[in-house]
Structure formats: structure tokens, C-alpha cells
Amino acid sequence: MSANQVIEEILAAFDTGGDLDYGENISMREHMLQTACLAERGGGEERLIVAALLHDYGHLICDRPNNIFSEGKDNFHETVGAQALKSWFDEEIVGAVRLHVDAKRYLCAANPKYMTRLSDASITTLAVQGGPMTSKEMAGFREQTGHEMALTIRVYDDQGKEAKMRRPELEYYVPMLRRCLSPKP
């Protein structure tokens, strides 16, 4: 698949799945754009910004509805997203996407006060996703590629839920997406 085709596929996913309700009075697209914007405002390098933009990509393409969490079930969007992106981006970006849910679990275990920063929707999903990590899970998390980037993204993820935040449009990120592509044969 060419770089142009990859970009078109990503943009199409934002178009078709981006209007999903994120459960925070904003759409999935809005949340992802806010997370990327916060990563850039925080001084993040392009790879971090791209990973922040794509962290919930699995929600856009997942065949399991987002409201499944209210039924006590997980849609494993982080795995779905990482699987879809692994042919297009490097291991650290893909790892950050795959680990952003585990990063929430890690941060809640490492600092129980972190949980007070979570929205009601994030607390609900935390329970479905396994709750705070055990010390053994935390050690395993720290050994995975992309874990540091995932921890950084997680903080922006938790902040990117504002109804009227000023941020760039998706097209702004296309050049960054293109520069971060590392297609595999």
C-alpha cells in the first residue's frame, strides 16, 4: 500500500467512525484531535503527536460498539488499532497505541490519586479493562516497546475531553502522519 493510500485509509476511518460518541460529550474524532493537540502543546515530538492522534484508532474501525463497556465488556480497541497500524508505523508508535489502556491501569496502580483525575467514563472502562495493575503486571508493562510514550499519551488522553477546546483540524496532522510512516514490505 502506498503512503497516499495509507493516509487515505486513516482519513476515511476518521470520517466513518469519528462521529462515535466518546462518552464525554464529545465525539471520538474530537477526543483524538484534542489528545494530539495537547501532545504538541506539551512539546512532544512528531512521533508522540502521531501516536496521540491515533491512540483510539481501534474505536474508529472496531466492529464492536463503544457502548459495550456499559455492558461490562471490552472492545479491545487498543489491540484492534495496533494491529491495523503495525504495517504502517514503527514499533514504538504501534506499541504506544497498544499500551495506552495499560498505561491507565499502570498509572492508577503507581499513584492511586491518579484515579481521581479520571472521568466517570474512564473509571467505568478501567474496571472492564482489568483495574489497576498488579506489581507483576507493572514490571511487564515497563519491558514493552512504547510504554514510555503510552504513559505520556495517557495523561493527554485524560485531558482531551473538552467540549470547546481550540485545536487544529485533522488535515493539519497529515504531513506528520506522512513523515512518521514506516511501511513494512
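The values are calculated or read from the model by the stated rules, or taken from the named source; none is laboratory data. Values in this document were obtained by computation on a predicted structure and should not be read as measured data. Positions of Cβ are generated from backbone atoms using ideal geometry, with glycine treated the same way; all protein chains shown enter the neighbour counts.
How many residues are aliphatic (A, V, I, L, M) and either in contact with a strand residue (DSSP E or B) (Cβ under 8 Å, 6 or more places away or on another chain) or over 23 Å from Ala121 (Cβ atoms) (or both) if we restrict to segment 1-46?
Step one: list which residues in segment 1-46 are aliphatic (A, V, I, L, M), which gives 1, 3, 6-7, 10-13, 20, 26, 28, 32-33, 36, 38-39.
From what's left, either in contact with a strand residue (DSSP E or B) (Cβ under 8 Å, 6 or more places away or on another chain) or over 23 Å from Ala121 (Cβ atoms) (or both): 1, 3, 6-7, 10-12, 20, 28.
Number of matching residues: 9.
If we only count helices (runs of 4 or more DSSP H) wholly inside segment 1-69, which ones have 2 or more residues that are of a type outside the set (Ser, Thr, Tyr), modelled with pLDDT under 95 and more than 20 Å from Ser119 (Cα to Cα)?
On the way: elements: 3-17, 28-41, 46-54, 57-61.
In segment 1-69, the matching helices (runs of 4 or more DSSP H) lie at 3-17, 57-61.
I need every pair where a residue in segment 152-173 that is closer than 14 Å to Ala103 by Cα has its Cβ under 8 Å from the Cβ of a residue that is assigned to a loop (DSSP other than H, G, I, E, B) and of a type outside the set (Asp, Glu), sequence separation at least 6 or different chains.
The qualifying pairs are Thr152/Gly42; Thr152/Gly44; Ile153/His55; Tyr156/Gly42; Asp157/His55; Asp158/Leu118; Asp158/Ser119.
Residue check, Cys108 against (1) modelled with pLDDT under 95; (2) surrounded by 18 or more Cβ atoms within 10 Å (Cβ to Cβ), all met but one. Which one?
(1)
Among the residues of segment 1-53 satisfying the criterion of being of a type in the set (S, T, N, Q) and over 20 Å from Arg98 (Cα atoms), which is surrounded by the most Cβ atoms within 10 Å (Cβ to Cβ)?
Here the residue is Ser27.
Answer yes or no as to whether Thr124 is surrounded by fewer than 16 Cβ atoms within 10 Å (Cβ to Cβ), in a helix (DSSP H, G or I) and in contact (Cβ under 8 Å) with a residue 12 or more places away in the chain.
Values: surrounded by fewer than 16 Cβ atoms within 10 Å (Cβ to Cβ): yes; in a helix (DSSP H, G or I): yes; in contact (Cβ under 8 Å) with a residue 12 or more places away in the chain: yes.
Against the criterion (surrounded by fewer than 16 Cβ atoms within 10 Å (Cβ to Cβ), in a helix (DSSP H, G or I) and in contact (Cβ under 8 Å) with a residue 12 or more places away in the chain), Thr124 qualifies.
I'd like to verify a number: residues in segment 80-116 that are part of a helix (DSSP H, G or I), within 15 Å of Leu126 (Cβ to Cβ) and of a type in the set (S, T, N, Q), how many?
1
Looking at Asp15, Asp19, Asp56 in this structure, which one is of a type in the set (D, E, K, R), on the phi < 0 side of the Ramachandran plot and in contact (Cβ under 8 Å) with a residue 24 or more places away in the chain? Spell out how you get there, then give the answer.
Details: Asp15 fails: in contact (Cβ under 8 Å) with a residue 24 or more places away in the chain; Asp19 fails: in contact (Cβ under 8 Å) with a residue 24 or more places away in the chain.
Among Asp15, Asp19, Asp56, only Asp56 is of a type in the set (D, E, K, R), on the phi < 0 side of the Ramachandran plot and in contact (Cβ under 8 Å) with a residue 24 or more places away in the chain.
Conditions tested, residue by residue: (1) of a type in the set (A, V, I, L, M); (2) crowded, with 18+ Cβ neighbours inside 10 Å; (3) over 27 Å from Arg178 (Cβ atoms).
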position	(1), (2), (3)
Leu60	yes, yes, no
His77	no, yes, no
Pro132	no, yes, yes
Ala139	yes, no, yes
Met149	yes, yes, no
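Any chance segment 132-148 includes a residue that's in contact with a Pro (Cβ under 8 Å, 6 or more places away or on another chain), at pLDDT 90 or above and of a type outside the set (S, T, N, Q)? Break it down into steps so the answer makes sense when it comes.
Initial filter on segment 132-148 (in contact with a Pro (Cβ under 8 Å, 6 or more places away or on another chain)): 132.
Still in the list and also at pLDDT 90 or above: 132.
When the remaining residues are screened for being of a type outside the set (S, T, N, Q), the result is 132.
There is at least one residue in segment 132-148 that is in contact with a Pro (Cβ under 8 Å, 6 or more places away or on another chain), at pLDDT 90 or above and of a type outside the set (S, T, N, Q).
Test Met115 against the stated conditions and say whether it is surrounded by 15 or more Cβ atoms within 10 Å (Cβ to Cβ), on the phi < 0 side of the Ramachandran plot, in contact (Cβ under 8 Å) with a residue 12 or more places away in the chain and over 16 Å from the mean Cα position of the chain (by Cα).
Working: surrounded by 15 or more Cβ atoms within 10 Å (Cβ to Cβ): yes; on the phi < 0 side of the Ramachandran plot: yes; in contact (Cβ under 8 Å) with a residue 12 or more places away in the chain: yes; over 16 Å from the mean Cα position of the chain (by Cα): yes.
So Met115 passes the test.
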